[in-house]
Amino acid sequence: MTRSDRPNEVTRAFLAACYDYFLIITPVALYVALEAIRAEELARFFLSPEWSIATIFVSFQGRVIYRTELERTGRPLSGLWLNFVDLASLVVIIAASINTYMALTRDSRDVVFLRISLFILTSASFLIFVGGAKLALSRKVK
């Protein structure tokens, strides 16, 4: 592999991670969009509690895809690191679940801010971890 092949390899891994990401969030995004159209409120698309559900999906699937792709490389895996990733995913899932409940009982600015922050953080983590695992797998194949 030459030095000029690396950007293409990284780009492909990132695009593969984006593909997985959009497969996960598309059903929730479609539902939220339809609900916003029905209510004739564009803000509902961005402020919907369903984004907490999308956060849960992204967190769980990201953990599964990350672990699966790393196992496919054939490299020895750090149990401590994988346990840390599992714990972080569990914390995000619990926080998003609590946020969903709070949004249904009293949706304040703080609850919305936490929901959006969790979603952005989880989405970025998904793309970094899954993209990195796919990059490691592509380097193993060659």
- Query: Of the residues L42, L34, L47, which single one is modelled with pLDDT of 95 or more and either under 30 Å from T105 (Cα atoms) or touching a strand residue (DSSP E or B) at 6+ places or on another chain (Cβ under 6 Å) (or both)?
  - Reply: L34
- Only one of (1) assigned to a helix (DSSP H, G or I); (2) at pLDDT below 95; (3) surrounded by 13 or more Cβ atoms within 10 Å (Cβ to Cβ) fails for A96. Which number is that? (2)
- Query: Which one of I120, I65 is loosely packed, with under 13 Cβ neighbours inside 10 Å, modelled with pLDDT of 95 or more and either of a type outside the set (D, E) or touching a Pro at 6+ places or on another chain (Cβ under 7 Å) (or both)?
  - Reply: I120
- Considering region 96-133 alone, what residues qualify as being more than 16 Å from L47 (Cβ to Cβ), among the aliphatic types (A, V, I, L, M) and out of contact with any Leu (no Cβ under 7 Å at 6 or more places or on another chain)? I98, L121, A124, L127, I128, V130
- Picked from region 99-139 (must be of a type in the set (D, E, K, R) and part of a helix (DSSP H, G or I)), the residue nearest to I53 (Cα to Cα) is R115
- Could we say that L77 is surrounded by 15 or more Cβ atoms within 10 Å (Cβ to Cβ), modelled with pLDDT under 95 and either among the hydrophobic types (A, V, I, L, M, F, W, C) or touching an Asp or Glu at 6+ places or on another chain (Cβ under 6 Å) (or both) here? no
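One line per residue, one yes/no per condition, for (1) hydrophobic (A, V, I, L, M, F, W, C); (2) surrounded by 12 or more Cβ atoms within 10 Å (Cβ to Cβ); (3) farther than 17 Å from T122 by Cα:
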site	(1), (2), (3)
L30	yes, no, yes
A54	yes, yes, no
S59	no, yes, no
E69	no, yes, yes
F84	yes, no, no
- Any pair with Cβ under 9 angstrom, 6 or more apart, that starts in region 53-77 at a residue that is part of a loop (DSSP other than H, G, I, E, B) and ends at one that is modelled with pLDDT under 95: G74/K140; R75/A136; R75/K140; L77/R67; L77/L70; L77/E71
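The values are calculated or read from the model by the stated rules, or taken from the named source; none is laboratory data. Just so it is clear, the structure is predicted and the values come from calculations on it, not from any experiment. In this analysis, Cβ positions are derived from the backbone assuming ideal geometry, glycine residues included, and neighbour counts consider all displayed protein chains.
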